[in-house]
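Structure first, commentary second.
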Amino acid sequence: MDGNGRWAAQKGWPRLVGHRRGAERVKQIVNAAPDLGIDWLTLYAFSTENWKRSTEEVLGLMGIFARYIEREAVTMAREGVRMRFIGARERLNPRLRGLMDKIEDRTAGNTRLNLTVAINYGGRDELARAAARLAGRIAAGEVAEADEDVLAACLDTAGHPDPDLVIRTSGEMRTSNFLPFQAAYAEYEFTPVLWPDFTPEHLASILERTATRARRFGTA
Ligand code: IPE
Ligand code: MG
């Protein structure tokens, strides 16, 4: 989800206004996803690099995440959304972490949409943490040796399917440390639309266009 800051700047508003509008878009996209045939949706909300932003912006974003979880908890439970988080949690404030743990527990039985939110996520950081976990499991004799499946089971996304499609908004043509292991065979779509302007209709049209592409996973 990229482009919140530029969206606000274009209107002469503070960046946080863009983030707030972005959160409204998240609600709409989450709501529309199941009817578009999506049962796994991952949103990149905050990267390990985003701590470099101003304190005001970082705190503002953390506040938006906490409010989103609090306000959407009832709706998610009712609509069958299972919410999970990936990323390193230790650095997040304890109150936010508490909300994250609680919503994960509360929605654990839901199956209509698997919603994963990446907060303080970086693919390289995830791989480094996975390597440490893997070393621990080998040392404990739980696994004999490292292979792709064993490593995948040590990632934050253990048990999640790999993404079929990765969409980046706002015209940036980079993958920026998002699911580098898991998206090895994913399709990529880059749209110039800024995230606060990205509607379920935009998503539907991307899906329509990409669904027809044949994916071969290296076969002939
Ligand atoms: C994406 O919008 C939201 C987050 C990173 C949380 P940006 O904040 O990156 O917006 P731009 O790139 O400055 O427009
Ligand atoms: Mg950006």
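Read-outs throughout are calculated quantities, based only on the coordinates presented, and are distinct from any laboratory measurement. Computed from a predicted structure; not experimentally measured. Methodologically, a virtual Cβ is constructed for each residue, glycine included, from the backbone with ideal geometry; neighbour enumeration extends over all protein chains shown.
Is it possible to state the helix-based mean residue ellipticity at 222 nm for the chain, with each DSSP H run of 4+ residues giving -39500 (n - 2.57), the sum divided by total residues, to the nearest 500 deg cm²/dmol? What is it?
Roughly -14000 deg cm²/dmol at 222 nm, from the helical runs in the chain.
Along each of its three principal axes, how wide is the spread of alpha-carbon positions in the chain, in whole angstrom units, largest first?
Dimensions of the chain along the principal axes of its Cα atoms: 57, 48, 36 Å.
Along its principal axes, what span do the Cα atoms of region 12-123 show, with the longest given first and each in whole Å?
37, 33, 26
Along the charge dipole of the chain, which of P180, L194, A153 sits closest to the positive end, that is, farthest toward it, with unit charges on the beta carbon of Lys, Arg, Asp and Glu (+1, +1, -1, -1)?
L194
How high is the relative contact order of the chain, in percent, counting Cα pairs under 8 Å that sit 6 or more residues apart?
25 percent
So, by mean Cβ neighbours within 10 angstrom, what's the order for 12-22, 105-115 with the highest one leading?
Ranking, from highest mean packing down: 12-22, 105-115.
Can you give me the relative contact order of region 149-193 as a percent, contacts being Cα pairs under 8 Å and 6 or more apart?
For region 149-193, the relative contact order is 45 percent.
Using DSSP H assignments, which helices in the chain have an axial alpha-carbon span of 27 Å or above and a mean Kyte-Doolittle hydropathy of 0.0 or higher?
55-79
What is the sum of charges, Lys and Arg at +1 and Asp and Glu at -1, for the other residues whose Cβ falls under 15 Å from the Cβ of F217?
-1
Could you give the distance between the Cα centres of region 149-220 and region 1-79, to the whole Å?
18 Å
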